[in-house]
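What follows is one structure encoded as structure tokens, with my remarks underneath.
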Amino acid sequence: MGVKGLQHFVDSCCPEARVTVHLREMAKRQRVCTSTANIPSPTLVVDGMACLRHWYTCKDWVCGGQWREYMELLKGWVEAFTSAGIRLVFFFDGVVEDQKRQVWVKRRRRVNGEISKMFRHIKACGVQPGRALFCLPSGLATFTCFALRSLGQSVFCSEQEADYEIASYARQHGCMGILGQDSDFIIYDSAPYLSVAKLRIDSLTTVLYDRQRLCHAIGLTATQLPLLACLLGNDVVSEEQMQHIRNNAIATYRTNNPASHRGAPQGQKVLAVSQLVSSLWGREEQEPEFIPHSVNLSAPHRELLKKGVCSYLLPGQDASQRGDISAPPSAFEKHVSPQILKACREKHVATEGFMVYSVVCQGVIHCSNTLEDEEDSELLPQALVYKPCRQRIYGLLLLHGHEGSSVDLPAIREWFVYGGNPLKEPDMVHPVPVHLPCHQPSLDLLWFGTSPEVPTLRLMSFLSIFDCQEFSDLHGDIEDALLAALCLVTYIVLQVQTLSQEDVDAYLSQAVCLRLKSPNDLQNIKLPVLSSRAVQLGSLYVRGLGNLLGANCASGSPLPGAALMPWHSFDGRLFHSKYLLAHSGTEKAVLLESDPSRLSLFIRLREKLGEACGKRGRVLQSRPCAPERGPGVPPGTGHRERHAGGAKDWRERGETGGGHGHGGGWRASGEASGDLSECEGRSTAWRVNPHSHSYPYGHDGGAQNTSRPPTQSRGRSHLNRGRYRAAPR
């Protein structure tokens, strides 16, 4: 959650509440204190979401993620604590509570603005922007859960507000501290709050925010802190709702303290509200859930304030104030068995599944920001690309035994962030049945069945979600990670009509070559220029891996979960280099690094993909396209400006679930124009010397298909600006 301004106040205005601590020494002291008790090793509860920016320090972040390097960083981070005898327990956000929805939406809109700036920078300069525009790679939180579990760590996904579950766990298990970066942990009466932002991993030192010292400094008791938090504003009680209370408090404070030594506005605000809270009642008379009538509030605001105060009460402090976090209501319990409901919750909490809990138990699914260019008129947002896939996952989970009537057909509320979606209300998405040779198997059979035919049913259910049933003969013949990659790329080709043969070659060649690359090899890949289109294609692939996870879980896990992890099938830097090579006309042998076995495997995968697409009327075309480059090119000019079809066309196509190569909407008009291979807005051509593995810039027309007419520079069409935002809902 987070208390507005409190973290800044403690960091800037209240030095007495900050204590530098050595975690090794803290662990030793706790080990001595609990040596006679039956308590495990000194334990830190880690707020995983707060740590993501501190964990992901890889040089590249726009291309889709340097996943193998990231795995090495996580491993080293965990080992630093393990060597000090400190056990780690990680928590990640598993839900977005209704009371936090507007805050979530506000943050997602803000991040979308930053992503737009990032793409404008890439198109203008051809390089990754600085850390001021840093955005986490898409899907980082999802895959970090699985990464930590693979490292043998205890990882939990929350069923309610993650901060609450973190504080509850730490209090219940007598943990030595909570490692995070959220001022709510000062408010909870739980374990000491330790800063991950101030953590030095080499020495295991950080800053502890001392609750009692803070209370002494601002003249409050610990039980008064929840009311302070709500009056300052948090994710339950917004800043705006308590603005008049704070204004009155600040006016009174300035009158009584004209020469306050904490003269900064933020310091004045926290001290003024603290003084108000202290004046409301005697400390001995205070009850945490009680809001004095002297506070000038309307009845609805009073109830909201009470709800906010109660949200900080942990189990054992007042059990009547919060529901049982182990048994939230289920949205679609009439569609599944009690055993499935129980398994969904268990998989969710243990981070062993993905998507199934949100669908079956909550009936709502969220997807945060993705690195997508809102001004790109060639590529659909990933939310629409994977909508047909999600609908089949929903169908596999919910439609067995359904009579086909649309009266009580379940609908999933989707909150997906993409350009043009104002997030004022969810998209209502209905499940679609999967197409199998036999009747759709029950979820109980897929998840718990032991008969000999069940493994085949699981695999066919999984493949049918991506319309790739003919790939079943590859199972066991190629690596599971490559089979998953082939399914995903085939699905993307079927859904995205502007995907070219060069794009497919980039996807498949990097998947084949990645298998023998070390993290150091991947770090040392040189990228002379970035393509904004390749950036979006990289994020599209990683988001697709999340859908593979959901499909695999819904199907009863026919593939091992490890095969669906990005560090086994994708590296953003490697993909970007293959994209540049493929679009420069590099020979396939060079694209596969002159390795005959890799080339043979690549050709086999390529042929299988082509056969599957051909059966569905989707024929790949060669459309080489150079990236935008250099400060001389105005932001936004380039290959994507040739389509000014507008948002209405792709939204109409997205609402119908997309086509499998049948054309329609703006896609069809683009294909018919024959203009998809041109790259405009370029004053110079771009090419690769395949023999030197360098990426020189030339002025001789480039190495693209010489039968095509030379590219011409065109200005930006003003119709393309804000394309997605203008779309009707």
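The values are calculated or read from the model by the stated rules, or taken from the named source; none is laboratory data. Computed from a predicted model, the values in this text were never measured in an experiment. Cβ sites come from the backbone with ideal geometry, for glycine too, and all protein chains shown count toward neighbours. Note: accessible area is taken over every heavy atom of the protein model, side chains too, but ligands, DNA and RNA are not part of it. Shrake-Rupley method; radii C 1.70, N 1.55, O 1.52, S 1.80 Å.
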Across region 86-96, the tally of residues that are within 26 Å of Gly419 (Cβ to Cβ) and either in a helix (DSSP H, G or I) or open to solvent by less than 40 Å² (accessible area, probe 1.4 Å) (or both) stands at 2
Among the residues that make up region 88-109, is at least one of them of a type outside the set (A, V, I, L, M) and over 20 Å from the mean Cα position of the chain (by Cα)?
yes
Would you check if there is a residue in region 476-485 being part of a loop (DSSP other than H, G, I, E, B), open to solvent by 10 Å² or more (accessible area, probe 1.4 Å) and under 17 Å from Ile603 (Cα atoms)?
yes
Those helices (runs of 4 or more DSSP H) completely within region 509-600 that have 2 or more residues that are hydroxyl-bearing (Ser, Thr, Tyr) and either more than 29 Å from Ser368 (Cα to Cα) or at pLDDT 95 or above (or both) are 532-554, 572-582
So which pairs qualify, if the first residue must be in region 465-478 and of a type in the set (D, E, K, R), the second must be not in a helix (DSSP H, G or I), the Cβ gap must be under 7 Å, and the two must be at least 6 apart or on different chains?
Asp467/His660
Note down all Cβ pairs under 9 Å where the first residue falls in region 434-455 and is over 20 Å from Phe332 (Cβ atoms) and assigned to a loop (DSSP other than H, G, I, E, B), the second is modelled with pLDDT of 95 or more and among the hydroxyl-bearing types (Ser, Thr, Tyr), and they're at least six residues apart or on different chains.
His435/Ser464; Leu436/Ser461; Leu436/Ser464
Go through (1) open to solvent by less than 20 Å² (accessible area, probe 1.4 Å); (2) closer than 28 Å to Gln469 by Cβ one by one and return the number of the condition Val432 breaks.
(1)
Within region 357-394, restricting to residues that are touching a helix residue (DSSP H, G or I) at 6+ places or on another chain (Cβ under 6 Å) and among the polar types (S, T, N, Q), the one that is farthest from Ile340 (Cα to Cα) is Ser377
Selected residue (only one of Asp503, Asp444 is buried (at least 23 other Cβ atoms within 10 Å of the Cβ) and in contact with a helix residue (DSSP H, G or I) (Cβ under 7 Å, 6 or more places away or on another chain)):
Asp503
Condition first: assigned to a loop (DSSP other than H, G, I, E, B) and surrounded by fewer than 23 Cβ atoms within 10 Å (Cβ to Cβ). Now tell me which residues in region 62-85 satisfy that.
Ser83, Ala84, Gly85
Met460 over 20 Å from the mean Cα position of the chain (by Cα) and in contact (Cβ under 8 Å) with a residue 24 or more places away in the chain
yes
List the number of the failed condition for Gly219; all other conditions in (1) open to solvent by 20 Å² or more (accessible area, probe 1.4 Å); (2) within 17 Å of Leu88 (Cα to Cα) hold.
(2)
Only residues that are at pLDDT 70 or above, farther than 18 Å from Gln7 by Cβ and crowded, with 16+ Cβ neighbours inside 10 Å: list them for region 245-288, please.
Ile245, Ala249, Ile250, Tyr253, Gln275, Leu276, Val277, Ser278, Leu280
So is Gln266 within 36 Å of the chain's Cα centre (by Cα) and assigned to a helix (DSSP H, G or I) or not?
yes
Could you list, in sequence order, the residues of region 230-244 that are open to solvent by 10 Å² or more (accessible area, probe 1.4 Å) and farther than 12 Å from Val309 by Cβ?
Ser238, Glu239, Glu240, Gln241, Gln243, His244
Pick from Ser451, Ser472, Ser464: which is crowded, with 19+ Cβ neighbours inside 10 Å and polar (S, T, N, Q)?
Ser464
Taking the condition closer than 30 Å to Leu527 by Cβ and either over 16 Å from the mean Cα position of the chain (by Cα) or open to solvent by 30 Å² or more (accessible area, probe 1.4 Å) (or both), does Met118 pass?
yes
Does Arg651 satisfy the condition of being modelled with pLDDT under 50, in a helix (DSSP H, G or I) and at negative phi?
yes
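Every residue, every condition in (1) touching a Gly at 6+ places or on another chain (Cβ under 8 Å); (2) not β-branched (Val, Ile, Thr), yes or no:
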residue: Val454; (1), (2): yes, no
residue: Gln495; (1), (2): yes, yes
residue: Glu502; (1), (2): no, yes
residue: Ser555; (1), (2): no, yes
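Conditions tested, residue by residue: (1) open to solvent by 40 Å² or more (accessible area, probe 1.4 Å); (2) at pLDDT below 95.
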site	(1), (2)
Glu161	no, yes
Tyr164	no, no
Ala167	no, no
Gly180	no, no
Asp184	no, no
Pro192	yes, no
Asp202	yes, no
Leu208	no, no
For region 125-229, which helices (runs of 4 or more DSSP H) that fit wholly inside it have 1 or more residues that are in contact (Cβ under 8 Å) with a residue 12 or more places away in the chain and closer than 27 Å to His348 by Cβ?
140-150, 162-172, 184-187
Filter result (over 15 Å from the mean Cα position of the chain (by Cα), open to solvent by less than 30 Å² (accessible area, probe 1.4 Å) and under 19 Å from Pro410 (Cβ atoms)) within region 359-378:
Val359, Val360, Cys361, Gly363, Val364
In region 312-341, how many are in contact with a Cys (Cβ under 8 Å, 6 or more places away or on another chain), of a type in the set (Gly, Ala, Ser) and either open to solvent by less than 40 Å² (accessible area, probe 1.4 Å) or at pLDDT 85 or above (or both)?
1
